[in-house]
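I am attaching a structure below and will ask some questions about it afterwards.
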Amino acid sequence: QRPALQKHISTQIADAPIQELIHLAGPGYVNQFGNGHLISRGSGLVTPYSWQMIDRNGSAVVSFDASETTYRYQMATWDTDCNAYIAMLDVATDRIITIVKYDLDGNQIWSQDITVGSSDLSARRVVRGMFALKNMLYVLFDGEGAYEGSIRRYHLSDGAEVDASPFVSAVGNVAAERYLGMYGDSVTWLAANTSRIAWGQHTFASGLIELVLINPDTGDTLSTITLVSDAANVGSIKFYGVATDGVGGTYVYYTDGSSVGHLRRYTDDGTLDWEQTYAGLASSETYATTYLPDTNQVALTGDDPVGNGDSM
């Protein structure tokens, strides 16, 4: 025991000595073990459907100049080794999602085609949530049939599907209403930490928004929390994303039937921890809800997410 350190346990474990002690220090190690570069869409590229990977110096590591007739960007995420996973809709068929994996240097590791329907899906944003956890890529689809409102898992190593059937079976289109936007917004309906998957569900016709907490290993539902239920004011009810931190917190942002914004934090067992409300949001749109681990803050971005005229 040294100054500024505290014993983790007070008793010796059998008679085995400590085998190894490692220190990680210095700037830049976060870049090796944390999130990777910036994924930018549209700006300076051929079409809004294109994307590029930009490093911290502003240089493009990879540019993917998709056209409206090839691919449409859907969503991207990073794993803890700084590999990027980008999902795109194959416009040639409008029924295939292609997921590509790139390393930090811009080298493509694998590409996986997933047939998510039998008809034209160009009017949907088919991938509604995606994150890497426990060596697996979790993807929430808004496709057709078994891919409508279902969560599936893929191996990070090669993109092959982990399960013989959907990890969480299709429950209809409650996971993805069309009015949120087809490709342009960044609203994710899926987030996770090591103990919980947080899934936002919105049944537009009944004005129902629910937060479902799921076991990330089994897919079993642990808690279902009703955030708002107001069938008379469905046009004013919108879900603007879910995020998680590393200590069991789940954050959701939504508007109710009176156009009041609600930012909430729930604990791992589904208990409401705190809530902030924002009035006068009838004409505003929020496009992302994100947790910032470096500053321990929740970021909301959009036209006017909290009613004070700011976009973040």
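Among residues belonging to segment 144-169 that are open to solvent by less than 50 Å² (accessible area, probe 1.4 Å), in a loop (DSSP other than H, G, I, E, B) and free of Cβ contacts under 8 Å to residues at least 60 places away in the same chain, point out the one that is nearest to ILE86 (Cα to Cα).
So, considering only residues that are open to solvent by less than 50 Å² (accessible area, probe 1.4 Å), in a loop (DSSP other than H, G, I, E, B) and free of Cβ contacts under 8 Å to residues at least 60 places away in the same chain, the one nearest to ILE86 (Cα to Cα) is ALA160.
Please specify each residue of segment 267-312 satisfying the condition of being at positive phi and free of Cβ contacts under 8 Å to residues at least 12 places away in the same chain.
GLY309, the sole residue that qualifies.
Could you list, in sequence order, the residues of segment 226-246 that are farther than 14 Å from VAL298 by Cα, in a loop (DSSP other than H, G, I, E, B) and at pLDDT below 90?
ILE237
Contact list please: Cβ distance under 7 Å, first residue in segment 192-221 and assigned to a strand (DSSP E or B), second residue charged (D, E, K, R) and open to solvent by less than 50 Å² (accessible area, probe 1.4 Å), pairs at least six apart or on different chains.
GLN201/GLU210; HIS202/GLU177
Tally time: how many residues in segment 78-93 are open to solvent by 20 Å² or more (accessible area, probe 1.4 Å) and either touching a residue at least 24 places away in the same chain (Cβ under 8 Å) or part of a loop (DSSP other than H, G, I, E, B) (or both)?
7
Find the residue count for segment 261-288, including only residues that are at pLDDT below 90, more than 20 Å from TRP189 (Cα to Cα) and surrounded by 13 or more Cβ atoms within 10 Å (Cβ to Cβ).
2
The values are calculated or read from the model by the stated rules, or taken from the named source; none is laboratory data. In this text, all values refer to a predicted model and were calculated from it rather than measured experimentally. Methodologically, a virtual Cβ is constructed for each residue, glycine included, from the backbone with ideal geometry; neighbour enumeration extends over all protein chains shown. We work out accessible area using only protein heavy atoms, side chains counted, and drop any ligands, DNA or RNA first. Shrake-Rupley method; radii C 1.70, N 1.55, O 1.52, S 1.80 Å.
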